[in-house]
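Below: the structure, in structure tokens.
The values are calculated or read from the model by the stated rules, or taken from the named source; none is laboratory data. Worth saying up front: this structure is predicted, and the values here are computed from it rather than measured. Cβ sites come from the backbone with ideal geometry, for glycine too, and all protein chains shown count toward neighbours. Side chains included, ligands, DNA and RNA excluded: accessible areas come from the protein's heavy atoms. Shrake-Rupley method; radii C 1.70, N 1.55, O 1.52, S 1.80 Å.
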Amino acid sequence: MSAPTSLSYRDAGVDIDAGDALVDRIKPLARRTLRPEVLGGIGGFGALMELPKNYKEPVLVSGTDGVGTKLKLAFQLDKHDTIGQDLVAMSVNDILVQGAEPLFFLDYFACGKLDVDVGEQVVSGIAKGCELAGCALIGGETAEMPGMYPLGEYDLAGFAVGVAEKSKLIGGTDIKPGDAVLGLASSGPHSNGYSLIRKIVEVSGADLRADFHGRPLGEVLLEPTRIYVKPLLALMKQVNVKGMAHITGGGLLENVPRILREDLCAVLNKAAWEMPPVFQWLMEKGNVAEREMHRTFNCGIGMVLVVDNADVERAAKFLAEQGETVYHLGAIVARGEDQPQTVVV
């Protein structure tokens, strides 16, 4: 009877050397993002960070998200250097709306067979996103799982933890009729609606490499999600921001109500901002109804703020000085019987 064959991890299709090589490339990227509160280095079993000392009653705020099927466009175009910023943005923008300063970020990168160059491109985008948000890329996990993903594809998830002063948490509880609704411009579809976007590209027969307002269409669709952290954290020190809504899946119609009491409605004037060309193209090529556009996409508004009407000019001027494009979208009103909590008129 023959002896059993001796197998190793490599026989399962896992490239240990590739994993080590990626770690070596990631470490310098992560070091650029580290904050003073980070304890120890990269590579331990757990990442360590102490709380900033300028908070009297610190409350930790956490969020997790992915990039969704926008990844499919990255695979199709073999462009991976921006998708990491999307990953960071989805989580840090979410915790920001509660008034939290992002402290650290962890990523999860899973693939069937690790391509070190692709992995480095993805993590470079994650590191850039962390720098834009002012948070530390403190750790993560790279999982190589043969048979789980098609060759050349991967999945991403991200996890952000931030801190807010308990007395300054933003929950929308003091929003009242007469308050103003401001919108900050998005950089594109961000990371939502891509199942519909890819369907529109498919049925229209559009060439992703064709010119679209001076850039390839695919590059426009892959434009990374805008990160609003630094300008809005600065604004909170100047103006009483009563509520914020990150416009993600569900668009304007389903995200703005998340910060409103049941008796309130946000009335948004569609003439207050011009829908960017990429959304006009999606609407036309996909024959998408206007209401469905507002329910699926951000339509050019990536973040919504509610402030007292007396603070509109000061807030808009301050944000413009920070490089943001600001629109006065509308106002908060008392909600009528059976009226939706957000309407675009």
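Details
- The chain - accessible surface per residue (Å², probe 1.4 Å): 47
- Built amide H within the under 5 Å cut-off of PHE212, gap 5+: LEU217
- Dipole size of the stretch 118-247 about its Cα centre, with +1 on Lys/Arg Cβ and -1 on Asp/Glu Cβ: approximately 700 debye, rounded to the nearest 20.
- For the options PRO224, PRO189, PRO52, a Gaussian network treatment of the chain with springs between C-alpha atoms closer than 10 Å singles out PRO52 as fluctuating the most.
- 5 angstrom amide H check on ILE138, placed H, neighbours 5+ away: PHE105
- About its Cα centre, the dipole of the chain is roughly 660 debye, where the only charges are +1 on Lys and Arg Cβ and -1 on Asp and Glu Cβ.
- Note on the stretch 220-310: with neighbouring protein chains present and a 1.4 Å probe, carbon and sulfur make up 44 percent of its accessible heavy-atom surface.
- Here the stretch 103-180 exposes an accessible surface that is 58 percent carbon and sulfur, computed with a 1.4 Å probe and the other protein chains kept in place.
- Pairs of Lys in the stretch 159-293 closer than 16 Å at Cα, counting only those 8 or more apart or on different chains: 6
- Near PRO216: Cβ cut-off under 14 Å, other residues only, Lys/Arg at +1 and Asp/Glu at -1. The net charge is -2.
- For the stretch 218-225, 3J(HN,Hα) per residue [Karplus equation, 6.51 cos²θ - 1.76 cosθ + 1.60, θ = phi - 60°, Hz, x = Gly/Pro]: x, 5, 5, 5, 8, 3, x, 4
- Seen against the Cα atoms of the chain and their longest principal axis, helix 312-321 is set at about 40 degrees.
- Annotation: amide H-H contacts under 5 Å for GLY243 (H modelled 1.01 Å from N, sequence separation of 5 or more, or interchain): VAL306.
- Accessible area, probe 1.4 Å, largest first, for residues TYR149, TYR154: TYR149, TYR154
- Think of the chain as a dipole: +1 on every Lys or Arg Cβ, -1 on every Asp or Glu Cβ, centred on the Cα centre; then among ALA185, ALA266, PHE45, ALA266 lies furthest on the positive end.
- Angle between the chain longest axis and helix 116-133 axis [Cα atoms, degrees, rounded to 10]: 30
- Identified option (computed Cα extents along the principal axes in Å; candidates [x] 84, 56, 40; [y] 65, 64, 37; [z] 121, 52, 38): [x]
- Theoretical ellipticity at 222 nm over the chain - DSSP helices of four or more residues, -39500 (n - 2.57) apiece, nearest 500: -9500 deg cm²/dmol
- Total formal charge among the other residues, if their Cβ is under 10 angstrom from that of THR82, Lys/Arg +1 and Asp/Glu -1: -1
- When every Cα-Cα distance of the stretch 150-264 is counted in 5 angstrom steps from zero, the calculated P(r) takes the values 2, 8, 13, 18, 17, 14, 10, 9, 6, 3, 0 percent.
- A DSSP coil position with no more than 13 other Cβ atoms inside 10 Å describes the following trypsin sites (Lys or Arg not before Pro) in the stretch 25-125: ARG32, LYS53, LYS56.
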